[in-house]
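J.: Shown below is the structure under consideration.
The values are calculated or read from the model by the stated rules, or taken from the named source; none is laboratory data. All values reported here derive from a predicted model rather than from experimental measurement. Every residue, glycine as well, gets a Cβ built from its backbone with ideal geometry; the counts of neighbours run over all protein chains shown.
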């Protein structure tokens with residue numbers, strides 16, 4: 001969010017998407033691939049119950065409300081009031097309203113005490129911040145000792161390779177040379193900041209996080225024609241390939257898990 005005006009534009013965009021967001025972005029094979037990797041990873045790593053969890057840029061609560069069902073305390077922070085309204089509806093449908101609280105606000109200005117959360121989730125929202133290091137330091141501040149950060153970002157190299165495979169060599173060259181790594185996938189969609197694997201790992205380390213794991217998500221499916229994306233074998237391949245850290249450099253998303261280190 002570069003300034004107040006861009007923050008308002010972002011909020012307006014997601015307000016308009018709120019009712020259809022989960023259906024549009026969390027269904028289908030590619031969403032399934034991403035989500036099963038995230039949920040299976042969190043299942044292994046969030047062992048303390050109940051944990052206090054911040055879902056930063058959490059929108060409808062897709063990733064955090066299932067954790068509330070498991071007994072965790074959730075705070076969903078987002079710039080879109082209508083997305084938060086949808087989150088409250090989702091919490092009510094799951095009978096966890098007493099464990100889910102929603103707050104309207106920016107993810108790089110966290111109005112919480114130091115060492116307040118056991119876990120911070122930031123999935124598919126980090127590309128909207130203009131100050132990634134400042135945001136990561138805020139995540140670090142509000143996490144308890146050894147607290148967990150679960151973060152997904154768009155991979156810059158994926159966009160380059162995808163354009164090359166489409167024959168758009170000049171566009172791929174522009175993306176490669178762009179210093180601020182912003183990409184506008186479709187008209188009307190806010191700019192999304194992309195990161196290389198080395199960049200996001202370096203940012204997390206500079207914010208005093210210890211890297212637990214780095215995974216690629218949707219490593220091959222986004223490069224394939226639509227007709228080839230419905231294979232169960234492809235689903236299995238994606239799951240296995242996500243475990244190979246070297247392949248995270250070409251996936252659509254980079255999924256990085258960190259723990260808070262002492263400053």
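J.: Just give me the residues in the stretch 20-64 being surrounded by 23 or more Cβ atoms within 10 Å (Cβ to Cβ) and on the phi < 0 side of the Ramachandran plot, in sequence order. It would help to see each step written out before you state the result.
T.: Step one: list which residues in the stretch 20-64 are surrounded by 23 or more Cβ atoms within 10 Å (Cβ to Cβ), which gives 33-34, 53-61, 63-64.
Correct list: 33, 34, 53, 54, 55, 56, 58, 60, 63, 64.
J.: OK, next. Can you report the number of residues in the stretch 106-163 which are more than 16 Å from residue 78 (Cα to Cα) and free of Cβ contacts under 8 Å to residues at least 40 places away in the same chain?
T.: 9
J.: Of all residues in the stretch 1-33 being in contact with a strand residue (DSSP E or B) (Cβ under 9 Å, 6 or more places away or on another chain) and at pLDDT 90 or above, which is nearest to residue 133 (Cα to Cα)?
T.: Among them, the one singled out is 11.
J.: Could you tell me which numbered condition residue 139 fails, if it satisfies all but one of (1) part of a helix (DSSP H, G or I); (2) out of contact with any helix residue (DSSP H, G or I) (no Cβ under 9 Å at 6 or more places or on another chain); (3) closer than 19 Å to residue 222 by Cβ?
T.: So residue 139 meets the others, but not (3).
J.: When you look at residue 163, is it touching a helix residue (DSSP H, G or I) at 6+ places or on another chain (Cβ under 9 Å), surrounded by 13 or more Cβ atoms within 10 Å (Cβ to Cβ) and at pLDDT 90 or above, yes or no?
T.: Numbers: touching a helix residue (DSSP H, G or I) at 6+ places or on another chain (Cβ under 9 Å): yes; surrounded by 13 or more Cβ atoms within 10 Å (Cβ to Cβ): yes; at pLDDT 90 or above: yes.
So residue 163 fits the description; yes.
J.: Could you please let me know if residue 98 is modelled with pLDDT of 95 or more and in a helix (DSSP H, G or I)? Quick ask: steps written out before the conclusion?
T.: Values: modelled with pLDDT of 95 or more: yes; in a helix (DSSP H, G or I): yes.
Yes: the conditions hold for residue 98.
J.: For the subset of the stretch 213-232 comprising residues that are over 27 Å from residue 151 (Cα atoms) and out of contact with any helix residue (DSSP H, G or I) (no Cβ under 8 Å at 6 or more places or on another chain), which member is surrounded by the most Cβ atoms within 10 Å (Cβ to Cβ)?
T.: 231
J.: Would you call residue 74 modelled with pLDDT under 95, within 22 Å of residue 21 (Cα to Cα) and surrounded by 23 or more Cβ atoms within 10 Å (Cβ to Cβ)?
T.: Numbers: modelled with pLDDT under 95: no; within 22 Å of residue 21 (Cα to Cα): yes; surrounded by 23 or more Cβ atoms within 10 Å (Cβ to Cβ): yes.
Criteria not met by residue 74.
J.: Just to confirm my filter: which helices (runs of 4 or more DSSP H) fall fully inside the stretch 1-93 and include at least 1 residues that are in contact (Cβ under 8 Å) with a residue 60 or more places away in the chain?
T.: Details: elements: 4-17, 21-25, 29-45, 65-69, 81-93.
Qualifying helices (runs of 4 or more DSSP H): 4-17, 21-25, 29-45, 81-93.
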